[in-house]
Amino acid sequence: MVSWGGASEWEKINESDADFSDLAVGDFDSNPGSDIFYADGNAWWISSGGSAPFKLFDTSSFRIPDLRFGDFNNDGKTDVFGIANGAWSVTYSGTVNWTRLRSRLTDSVAGLVVADFNGDGHADIAISTPSSRLGPGCGLFPGVVLPELCTCAGSSLKAEA
């Protein structure tokens, strides 16, 4: 079900028996609209634009909780990130073999956030750790200079480069 722009009533665009936790959203085929990615533990499936029937995309035992998504090679398509063969790895557009990025920095993808934090067009990977915050709950990253003050635990802090 979708509400177009959040302003329309719910409209049915597709049907599936898939559990919502087995689904992700991205642009895997460069067609207009976001695609629905489904991982059932044996294969990955894609619904182009979210409304087309699901088609086999690739075979893989990786499920959604084992994956993260972003554009790691700046080609405009969503890539699939995971820990494969003991390394942080990516499968570009989700349709080719795993490519090793580096030895893993974590044992799982839990808690990892994928986004283009530095604006270079390539996905980056972030994690919140006690050393990456300035004060309890502030959530500031080291090296980020903020124009405003962040108030944490009753004191004002400013991130320093």
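Would you tally the net charge around residue 63, using a Cβ to Cβ cut-off of less than 11 Å, leaving residue 63 out, and scoring K and R as +1, D and E as -1?
So the surrounding residues net to -4.
Could the peptides 50-57, 31-38 be put in order, highest first, of the mean number of other beta-carbon atoms found within 10 Å of their residues?
Descending mean neighbour count gives 31-38, 50-57.
Would you tally the net charge around residue 50, using a Cβ to Cβ cut-off of less than 12 Å, leaving residue 50 out, and scoring K and R as +1, D and E as -1?
Taking every Cβ under 12 Å from that of residue 50, the sum is -4.
Quick check: net charge around residue 106, other residues with Cβ under 14 Å of its Cβ, Lys/Arg +1 and Asp/Glu -1?
Local charge sum for residue 106: +1.
We did not get these values from a lab; they are worked out from the coordinates using the rules stated. Please read these numbers as outputs of a predicted model, since none were measured by experiment. In this analysis, Cβ positions are derived from the backbone assuming ideal geometry, glycine residues included, and neighbour counts consider all displayed protein chains.
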